[in-house]
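Here the structure is laid out as structure tokens; the discussion comes afterwards.
The values are calculated or read from the model by the stated rules, or taken from the named source; none is laboratory data. Model, not experiment: these values are computed from the prediction. All Cβ positions, even for glycine, are placed from backbone atoms using ideal geometry, and neighbour counts span all protein chains on display. What goes into the accessible areas is simple: the full protein's heavy atoms, side chains included, and nothing from ligands, DNA or RNA. Shrake-Rupley method; radii C 1.70, N 1.55, O 1.52, S 1.80 Å.
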4 protein chains.
Amino acid sequence: MIILIQSVDRVGLVADVSAILAKSGLNIVSLREFVDKSDNRFFMRIAADNETEPIALETAIREVLPPDALVSINPRPDKKIVVLVTREYHCLADILVRNQFNTLGATVQCVIGNHPHLENICKRFNIPFHLVSHEEGDKFYFEGRIRELIEENGPDYIVLAKFMRILSPDFVAAYPERIINIHHSFLPAFAGGHPYRQAFERGVKLIGATSHFVTNELDEGPIIAQQVIPVNHTYTATDMMKAGKEIETSVLARALQLVFSDRVFVYRNKTVVFE
Amino acid sequence: MIILIQSVDRVGLVADVSAILAKSGLNIVSLREFVDKSDNRFFMRIAADNETEPIALETAIREVLPPDALVSINPRPDKKIVVLVTREYHCLADILVRNQFNTLGATVQCVIGNHPHLENICKRFNIPFHLVSHEEGDKFYFEGRIRELIEENGPDYIVLAKFMRILSPDFVAAYPERIINIHHSFLPAFAGGHPYRQAFERGVKLIGATSHFVTNELDEGPIIAQQVIPVNHTYTATDMMKAGKEIETSVLARALQLVFSDRVFVYRNKTVVFE
Amino acid sequence: MIILIQSVDRVGLVADVSAILAKSGLNIVSLREFVDKSDNRFFMRIAADNETEPIALETAIREVLPPDALVSINPRPDKKIVVLVTREYHCLADILVRNQFNTLGATVQCVIGNHPHLENICKRFNIPFHLVSHEEGDKFYFEGRIRELIEENGPDYIVLAKFMRILSPDFVAAYPERIINIHHSFLPAFAGGHPYRQAFERGVKLIGATSHFVTNELDEGPIIAQQVIPVNHTYTATDMMKAGKEIETSVLARALQLVFSDRVFVYRNKTVVFE
Amino acid sequence: MIILIQSVDRVGLVADVSAILAKSGLNIVSLREFVDKSDNRFFMRIAADNETEPIALETAIREVLPPDALVSINPRPDKKIVVLVTREYHCLADILVRNQFNTLGATVQCVIGNHPHLENICKRFNIPFHLVSHEEGDKFYFEGRIRELIEENGPDYIVLAKFMRILSPDFVAAYPERIINIHHSFLPAFAGGHPYRQAFERGVKLIGATSHFVTNELDEGPIIAQQVIPVNHTYTATDMMKAGKEIETSVLARALQLVFSDRVFVYRNKTVVFE
């Protein structure tokens, strides 16, 4: 049984919550707690190896928490996702393979692409692929079609697996803390569209990738995971891009694993990750 | 205020302990808890940003715990260490520099060497250096002299900073979970005395170092920290040793930082590290 | 144009070879050279950005080299591989995806499994899968069937992508320096069959994976690439195995990339890798 | 014997140079060569395990190179450095320890600080410390005093070991490719003065450090080495700074090791590093 709590902090919160858990006979296997002192914000993740009635438990827990607290008991274990892509295959293929072998921690409902390139790989895994070209209408129309498809599927999360269009504030606002992106650089270095070209010009010795929740500030949403790999003077901009794809695949997989196992809390522009 | 607890697990432990903390008005900043299910063993580290009377607190906590529980309230903040060395300077110098600038998290009381090589660097930092040669008498005599010096100083921990003599079971038994070693390889690969030669012969592409508590099984004590660095075919055995020294210095520093900040629990042959 | 040379070393080798290249009008983009002093062994890899007639070039180069020198001009660019698997999908799926998108650096001819589990994923990518059960006959019969399939395909390399049977000396001798394995540990730690159980029991803080050429010494062949990832006390043996699969996939991909781009020389029990 | 060459590229350069080396009886142990195709620029580093008369060799080599080529035969092996510091001890202490034990690859002639904080540690190692306060006069006067001290010592390199004043274009121009800085972030992220505060606000999961040659573009000079370490939500800005100091020490040490072993070429705003 998984219990997630986020609220304003006060003395005795852990005691009050854990007393309820003990009264319910729950055996805590892992308890992670963090207080962001600068914001007086309390975060807690509890894993118990047995179960109790969740609605009664939530009610009991809410009674000891401040009114605006966020509580989640056994967040949906069979999470569903819709994946948005453009042309690059590496992140999508990794997701499809894990989906196929039931190790993704979520189920891929469908893939939406603004180019037809990745339809074939989706078909190989019997995953519906919807082509929504950004050239058919204006952005409003384009995003409207994507939102229709998302609404039909009702996913928990929307994963941007190298989706190269910038989403409008309206779109982003419709799915707060539910859109996960992989950015092709070690943010905040090289924000924007051509990070490998920039990295090459700058002669960096490491390149990185960043997975983050999407907000309306481009490339500025809460960071979930980051990784780097070494490069050197022999790397052309293309070589850096190739090396970058490896690390993009890896860091998005890691971020999804963390999010899908309910280990990531979002508050303001940061994450608390109980690895 | 720091509270450390290790005991047999049971339902309600977190609740009972945290109720006591709340009653004492302690504001928990960070709570880390882990249950080793295979051993039914409970570990907890609590950091509060205010204080209460420690003896009364310990008494209250012990009342709710199984009889053999280990409880430590505010473990000595001004820890003291004795450092044992042979000839190599890199780990000792790093410790002496941090000691000098009060960033070690402990105070170096003295250094004991079985060779005179490192007396000079100790003098530069006004740290007493005691030469105890292993050639003056037998092992019993040798270790007896070292133990006298340790007893005079009464350190919390004994740090083997590239001390190249194997300590007897009697010696080790006198300081359980208090002797910290840096081993010059990625254990359990290359246990024993010539790991860099072995690594070179094997053509490995990474070399590592391991810091661990010392037990009577050579190189088999509970591991605190491990790190690796890449090497390649151009490295001679000597080059690997040089690269290894860098990583030895780094991993011992990290292990000491973890131990001195009371983040490491030992149980059987493993550690629980609340980083 | 790629030129690979391995031979006994002597003064003037670089000069003699590069004079031939200059006379042929080749423009050297990258020259890597290494002399293993302990063995007096010379290794060179040259990349030129233009071409010349390869047979005449090889003849000219061989004339200035010791008789037993190994020379390879433009090693087959369209390399072919046969992949051997058992039950685990992660390495195979990664190879199939890269094969599908032409980024593997080689072509997968077929997959041979001693269990039927991975037939489905092969079918999705239209790659022939051959089931050769180790239970149908003795080891001689089992390996005979596999060798027949290999001979039918004539691959450059045989990739053991989590193939869990130990190959006989005869089998290994038939494909010297052509069988690439991924071993599920940081060799030489935890050689043998249950490394994650061993790593868990030992309480390590890093786990690794090793890709190596297969020789008749179990897990002792020349190492191509190694990587590690951090683990901690919360990892069960199963968690370590899961984390290990990620690093196994990554390190095998890296090793294949190096081998398929003709950057790996083998000599005795080591590799020279011109990354 | 070490030979360094940088020039415009042309066909046959390697052949012509290596023919000269062979004629001189030099036995090449390691040859590294790189051509930057975008700039048609040639870089070569040769290590031989015997010697020949250097002036004749340089003359012979220059004869086959374009007129503006840079050639360096046996670059000064006993390099000398002057270290500039402000208040932070970690990089300086690491340099002083290596200097003391002859493992720095250079000799520290003196340390110049704009605060008196680090005089004590210099005295412990008998290294002259010169206080040049930036408050005594204007920048012109301040830098004038520092340059006088540098001129008195005639160092090969000037190492900014956490020197927190921005040097003027005149100062920088006086020591082209000879001033090495450690920047407290993973450039180009967080250029400027408060990177750890910025990293904390941004909620990054990795922090880094960059060592680079100083040019007149602030934090924009050719990068020599970069490293990162993981951080998480529990890190305050101060914790990030502490973790950053560890990586700063490590990356500056690495950069100095590369520069002092003559493995770093500078061209325009990048480095070629033959590790």
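Under a 5 Å amide H cut-off, with hydrogens placed 1.01 Å from N, D:L206 pairs with D:V231 among residues at least 5 apart or on other chains.
Magnitude of the charge dipole for region D:80-273, about its Cα centre and with charges confined to Cβ atoms of Lys, Arg (+1) and Asp, Glu (-1), is about 560 debye.
Please determine, in degrees from 0 to 90 and to the nearest 10, the orientation of helix C:13-23 with respect to the longest principal axis defined by the Cα atoms of chain C, where the helix direction is its Cα long axis. Value to nearest ten degrees: 70.
In what order, largest first, do A:S250, C:S133, B:S38 sit by accessible area if the probe radius is 1.4 Å?
Numbers: A:S250 50, C:S133 25, B:S38 90 Å².
Highest to lowest solvent-accessible surface, that is B:S38, A:S250, C:S133.
Annotation: amide H-H contacts under 5 Å for C:I28 (H modelled 1.01 Å from N, sequence separation of 5 or more, or interchain): D:G12. The orientation-averaged shadow of the Cα convex hull for chain B, equal to a quarter of the hull surface, comes to 16.2 nm². Ranking D:F142, D:H194, D:L84 by how far each Cα lies toward the positive end of the dipole of chain D (charges on Cβ) leaves D:H194 at the top.
Over region C:64-211, average the accessible area per residue using a 1.4 Å probe and give it in Å², no decimals. Don't skip to the answer; put the middle values down first.
Values: 6080 Å² over 148 residues.
Heavy-atom SASA per residue in region C:64-211 reads 41 Å².
Count Lys and Arg as plus one, Asp and Glu as minus one, and take only other residues whose Cβ is under 15 Å from that of A:E151; the net charge is then -1.
Under a 5 Å amide H cut-off, with hydrogens placed 1.01 Å from N, C:H130 pairs with C:V111, C:I112, C:G113 among residues at least 5 apart or on other chains. Rolling a 1.4 Å probe over the protein chains gives A:R165 an accessible area of about 100 Å². Legend: mean number of C-beta atoms from other chains within 10 angstrom of residue C-beta atoms, peptide A:13-24, equals 6. When only the Cβ of Lys, Arg, Asp and Glu is charged (+1, +1, -1, -1), the dipole of the protein assembly as shown relative to its Cα centre reaches about 0 debye. For chain B, the tally of Lys pairs with Cα-Cα distances below 23 Å comes to 14, considering only residues 8 or more apart or on different chains. Counting, for every residue in C:200-210, the Cβ atoms of other protein chains within 10 Å of its Cβ and taking the mean gives 6.
Spin-label pair D:E63-C:R268: with each label point 7 Å from Cα along the Cα-Cβ axis, the two points sit 4.0 nm from one another.
Rounded to the nearest 10 degrees, the inclination of helix A:90-100 to the longest alpha-carbon principal axis of chain A is 50 degrees. Its relative contact order, with pairs defined as Cα atoms under 8 Å and 6+ residues apart, puts chain C at 14 percent.
In region C:138-275, a dipole from Cβ-located charges (positive for Lys and Arg, negative for Asp and Glu) runs towards its positive end, and of C:S168, C:P155, C:F274 it is C:F274 whose Cα lies farthest in that direction. The solvent-accessible area of B:M164, taken with every protein chain present and a 1.4 Å probe, is close to 90 Å². As I understand it, the value is the acute angle between the Cα axis of helix C:54-64 and the longest principal axis of the Cα atoms of chain C; what does it come to in degrees, rounded to 10? Approximately 70 degrees, to the nearest ten.
Once the Cα gyration tensor of the protein assembly as shown is found, what semi-axes does its equivalent ellipsoid get, as square roots of 5 times the eigenvalues, in whole Å, sorted largest first? Intermediate values should be presented prior to the final figure.
Working: eigenvalues 408, 332, 202 Å².
The answer is 45, 41, 32 Å, longest axis first.
In order along region D:132-144, phi translates into HN-Hα couplings of 10, 6, 7, 9, 6, x, 7, 4, 4, 5, 4, 5, x Hz, rounded to whole numbers, per the Karplus curve 6.51 cos²θ - 1.76 cosθ + 1.60 with θ = phi - 60° and x for Gly and Pro. Between region D:212-243 and region D:27-71, how far is it from one alpha carbon centroid to the other, in angstrom? Answer, in whole Å: 34. Calculated on the Cα set of region D:38-187, radius of gyration then Dmax: 18.5, 53 Å.
Residue by residue, region D:267-275 carries 3J(HN,Hα) couplings of 9, 6, 9, 10, 10, 10, 10, 8, 5 Hz when phi is fed to the Karplus relation 6.51 cos²θ - 1.76 cosθ + 1.60 (θ = phi - 60°); x denotes Gly or Pro. Ranking A:V11, A:L65, A:S30 by how far each Cα lies toward the positive end of the dipole of region A:2-73 (charges on Cβ) leaves A:V11 at the top.
Find the eigenvalues of the gyration tensor of the Cα atoms of region B:2-73, then list the square roots of 5 times those eigenvalues as equivalent ellipsoid semi-axes, largest first, in whole angstrom. Working shown, then result.
Numbers: eigenvalues 78, 33, 20 Å².
Ellipsoid semi-axes (Å, largest first): 20, 13, 10.
Would you mind giving the total buried accessible surface between chains D and B, with a 1.4 Å probe and ligands, DNA and RNA left out, rounded to the nearest 100 Å²? Present the calculation step by step, with values, prior to reporting the outcome.
On the way: alone 13760 and 13750 Å², together 26020 Å².
Counting both chains, the buried surface is close to 1500 Å².
Scanning chain B for the Cβ atom closest to the axis that brings B onto D yields residue and whole-Å distance B:R124, 2. Using only the Cα atoms of region A:102-251, each taken as one equal point scatterer with no solvent, compute I(q) by the Debye sum, divide by I(0), and report log10 of the ratio at q = 0.13, 0.17 Å⁻¹. Taking Cα atoms of region A:102-251 as identical point scatterers yields -0.66, -1.07.
Rounded to the nearest 500, what is chain A's calculated 222 nm mean residue ellipticity when only DSSP H runs of at least 4 contribute -39500 (n - 2.57) each, over all residues?
Details: 8 runs with 92 residues, N = 275.
Value at 222 nm, helices only: -10500 deg cm²/dmol.
Once the Cα-Cα distance is subtracted from the 0.36 nm per residue extended length, the A:N120 to A:T234 segment shows a gain of 37.6 nm.
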